[in-house]
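What follows is one structure encoded as structure tokens, with my remarks underneath.
The values are calculated or read from the model by the stated rules, or taken from the named source; none is laboratory data. Keep in mind that this is a model prediction, so the values were computed, not measured. Here the Cβ positions follow ideal geometry from the backbone for every residue, glycine too, while neighbour counts run over all protein chains shown. Areas reflect the complete protein model, heavy atoms only, side chains present, ligands, DNA and RNA absent. Shrake-Rupley method; radii C 1.70, N 1.55, O 1.52, S 1.80 Å.
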2 protein chains.
Amino acid sequence: MKKVGIIKGGQLGRMLIQAGIDYGISAHVLEPDAEAPCRDLCDRFVVGDLLDEETVYQFGRSVDVLTFEFEHVNLRALERLEAEGKAVHPGSRVMAIAGDKGRQKEFFMQNGIPTADFMLITGRSGLERADLSFPCVQKTRTAGYDGRGVQALESPRDIPRAWDVPSVIERKIDFEKEISVIVARDRFGSTASYTPAEMSAYPGQYLLDRLFYPARIPAALSERASAIARELAVKLDLVGVLAVEMFVTRSGEVLVNEIAPRAHNTGHQTIESSVTSQYAQQIRCVLGLPLGSVELVRPSVMINLIGEPGFEGPVKYVGIDEVLRTEGVHLHLYGKTLTRPYRKMGHITITGHNIQSAEEKSKWVQSQLKVTS
Amino acid sequence: MKKVGIIKGGQLGRMLIQAGIDYGISAHVLEPDAEAPCRDLCDRFVVGDLLDEETVYQFGRSVDVLTFEFEHVNLRALERLEAEGKAVHPGSRVMAIAGDKGRQKEFFMQNGIPTADFMLITGRSGLERADLSFPCVQKTRTAGYDGRGVQALESPRDIPRAWDVPSVIERKIDFEKEISVIVARDRFGSTASYTPAEMSAYPGQYLLDRLFYPARIPAALSERASAIARELAVKLDLVGVLAVEMFVTRSGEVLVNEIAPRAHNTGHQTIESSVTSQYAQQIRCVLGLPLGSVELVRPSVMINLIGEPGFEGPVKYVGIDEVLRTEGVHLHLYGKTLTRPYRKMGHITITGHNIQSAEEKSKWVQSQLKVTS
């Protein structure tokens, strides 16, 4: 029984363990929050700081293989573990690149991966000096996710409210669709990419509203996006799973936005919609097993269950009975007892014989279900 | 977060917990073996005797709802819990009937459920006195499963080797196929039955070799079998999941063989082949949620991974890499570290676009994979 160490114990780790049960793994988790979603599902739950070198190093030493559900982790510890021959998947190089949006952009550029024009700044003063073309987007280099750490700068008047931290400044893309491709690469060097998913954001926000799977884009674009994702996996020498978020522009270009070196929110639906889920795929890669099939089984729409604004405290799922009565509704709760505004409490995947029927049901589900306290 | 108490913590409990994760349950397990498959997956793992009234009663008092992955449990404790208003699903009456093959047969007879002719004996002397027609089958009334506690008596000369325990003596059915229907009934009284699965036994043994889903039988027979299963669920006033094993005779009759009041070995394939798995279905019933869809997603063949005769000790899965490279192979290991001859160590579900392609792959998988030590 292999001891699989998972860095962080949130909902992605929870679904990773859930998939790992079938492979007979012994799950060990390092996580700063004692109440995190993995707390009762693993053989060993270690509360500790992911940025502390010694904590990560000692945790890594105690397991057979180390993997991740989160990219902000002490890199020096990973390098030491690798130097000692420990299996770390993905490796420290991938984690270093993925954990810094500036390094991501440099990697894309150096490897001929299409991406929006950008510059790197160390703080707000970099903006004042630069010859910028507006509108542009500021992304903090580290610690941003789910729309946090991203803001649009529409004109020079917005410079004073720019964050004064190391950032990527990027041409604002007038995109038609935002898509995501999950790609996996095993220890033998084989790659497999899932068909692209289409991300639909809440109006005016960067937070994912609904995810359509497969994306409603022409087959040629879908193939191009998948090819880019596989190329990235090869050039990173990835072992594991990588989410590649991309823009499809109005002129039909595919531009890589950012990557995450792990199972991802935009791949939840692979649990029901694909022969092998992204979680099972990550487990296979980490254990040195061959990749599973990424064939589409059923189209779906995925909805995040987000804490309703104005509610904080012990969670209630209003309308859940009616929703579960609906054909093809798959509930995934993350085991969080407390809700707060915009907190991700779970997700629902709605499968259908086609994407239209799943979409119709998803609208109804969204109208019925509220996460309150 | 509801505390769901599960009686016994074997592989069925393991897959029940795995499904329950998505519903945010807190899983509590009562199990006699400290090394059982659920040991690391639940919030609380209580080692105790399932036939001891006080043990079961105290365990039941500590949870919000009690359910089962095994039917041999102290019934008096269940009755006391019910009298105090505790939710026990299925209830003590169903558990009493299902836990005794004699009571099962009487229930079938009293309720007009078609079943093979039978008599009940208290021991071997009952056979010597009776006017038997051979061949017949002896089934011990309690504690038999997986072919244990079942033997054929071909002629009067076999009477001396009959077991001297309370038994059902049944006319030996010249069946064409053995099938199983999983049926679920929720707290609102709705029922849903999965399409029948076809059981193929090892030649000369009662142990399941391969399971074909759906069963390769005419639609009319399939509907008749499903109707019988739903009728049983209603007449038992079931809340939960029930497996109904049946014979299809050469003359096209459907006869109920036996029932199990829980998720069952003949329903493993519903994880991949159905919109809602039998495990998720049991969780929904137990939590008072509505039933999920039982629609077929993909046909499949299921194989149990059985410890190879001649091997005992720490388990090895020989050929697993090659098998996992095969399209549509879904591995489920039960987390047992030690193998022994005929021990159930896991199962594999092989999905295909049709049952023929799944069957071909299943033969190859069986030829490649060995459970040794």
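Odds and ends about this structure:
- For the range B:308-317, residues that are open to solvent by 70 Å² or more (accessible area, probe 1.4 Å) and either touching a Ser or Thr at 6+ places or on another chain (Cβ under 7 Å) or within 12 Å of another protein chain (Cβ to nearest Cβ) (or both) total 4.
- The residues of the range B:348-368 that are over 24 Å from the mean Cα position of the chain (by Cα) and more than 11 Å from chain A (Cβ to nearest Cβ), listed by number, are B:Asn354, B:Gln356, B:Ser357, B:Glu360, B:Lys361, B:Trp364, B:Ser367, B:Gln368.
- Subset of the range A:33-52 that is open to solvent by 60 Å² or more (accessible area, probe 1.4 Å) and within 14 Å of chain B (Cβ to nearest Cβ) - its residue that is farthest from B:Ile17 (Cα to Cα): A:Glu35
- Residue list for the range A:248-270, restricted to those being open to solvent by 20 Å² or more (accessible area, probe 1.4 Å) and either of a type in the set (A, V, I, L, M, F, W, C) or farther than 19 Å from A:Gln11 by Cβ (or both): A:Arg250, A:Ser251, A:Gly252, A:Glu253, A:Glu258
- Yes/no for A:Pro261 being more than 13 Å from every other protein chain (Cβ to nearest Cβ) and touching a helix residue (DSSP H, G or I) at 6+ places or on another chain (Cβ under 7 Å): yes
- Only one of A:Ala215, A:Ala219, A:Ala225, A:Ala229 that is surrounded by fewer than 22 Cβ atoms within 10 Å (Cβ to Cβ) and aliphatic (A, V, I, L, M): A:Ala219
- A:Met345, sole failed condition from (1) farther than 27 Å from A:Gly313 by Cβ; (2) buried (at least 21 other Cβ atoms within 10 Å of the Cβ); (3) within 13 Å of another protein chain (Cβ to nearest Cβ); (4) not β-branched (Val, Ile, Thr): (1)
- Spans of strands (runs of 3 or more DSSP E) in the range A:153-263 with at least 3 residues touching a Phe, Trp or Tyr at 6+ places or on another chain (Cβ under 8 Å): A:167-171, A:175-185, A:197-201, A:240-249, A:254-260
- As a summary of the residue check, B:Val371 satisfies the conditions (1) farther than 22 Å from A:Lys3 by Cα; (2) within 14 Å of another protein chain (Cβ to nearest Cβ); (3) outside any helix (DSSP H, G or I) except for the one numbered (1).
- Top-ranked residue of the range B:319-330 - restricted to ones that are under 14 Å from B:Lys361 (Cα atoms) and facing chain A (nearest Cβ under 7 Å), ranked as most open to solvent (accessible area, probe 1.4 Å): B:Arg325
- Boolean, B:Ser273 is open to solvent by 10 Å² or more (accessible area, probe 1.4 Å), out of contact with any helix residue (DSSP H, G or I) (no Cβ under 9 Å at 6 or more places or on another chain) and of a type in the set (Ser, Thr, Tyr): no
- Hits in the range A:114-155 (condition: within 22 Å of A:Asn265 (Cβ to Cβ), loosely packed, with under 13 Cβ neighbours inside 10 Å and at pLDDT 90 or above): A:Ala152
- Every residue from the range B:87-131 that is under 26 Å from B:Phe188 (Cβ atoms), in contact with a helix residue (DSSP H, G or I) (Cβ under 6 Å, 6 or more places away or on another chain) and without any contact (Cβ under 8 Å) to a residue 60 or more places away in the chain: B:Val88, B:Ser92, B:Ala96
- Residue list for the range B:57-74, restricted to those being buried (at least 18 other Cβ atoms within 10 Å of the Cβ) and farther than 20 Å from B:Gln282 by Cα: B:Tyr57, B:Asn74
- Subset tally (residues that are assigned to a strand (DSSP E or B), within 12 Å of chain B (Cβ to nearest Cβ) and out of contact with any His (no Cβ under 6 Å at 6 or more places or on another chain)) for the range A:1-28: 3
- A Cβ distance below 6 Å, combined with a sequence gap of six or more or placement on separate chains, defines the contacts here; from the range A:215-242, residues that are farther than 26 Å from A:Ala358 by Cβ reach residues that are open to solvent by 80 Å² or more (accessible area, probe 1.4 Å) in the pairs A:Val239/A:Arg187.
- Single unsatisfied condition, A:Leu291 versus (1) touching a residue at least 60 places away in the same chain (Cβ under 8 Å); (2) hydrophobic (A, V, I, L, M, F, W, C); (3) away from chain B (no Cβ under 12 Å): (3)
- Near pairs, Cβ below 8 angstrom, 6+ apart or cross-chain, from the range B:311-337 (at negative phi) to any residue that is open to solvent by 40 Å² or more (accessible area, probe 1.4 Å) and among the β-branched types (Val, Ile, Thr): B:Pro314/B:Thr337; B:Val315/B:Thr337; B:His330/B:Ile271; B:His332/B:Ile271
- Search result, residues across the range A:350-366 that are open to solvent by 20 Å² or more (accessible area, probe 1.4 Å) and assigned to a helix (DSSP H, G or I): A:Ile355, A:Gln356, A:Ser357, A:Glu359, A:Glu360, A:Lys361, A:Lys363, A:Trp364, A:Gln366
- Candidates B:Asp158, B:Asp237: the one that is modelled with pLDDT under 95 and either among the acidic types (Asp, Glu) or farther than 29 Å from B:Gly346 by Cβ (or both) is B:Asp158.
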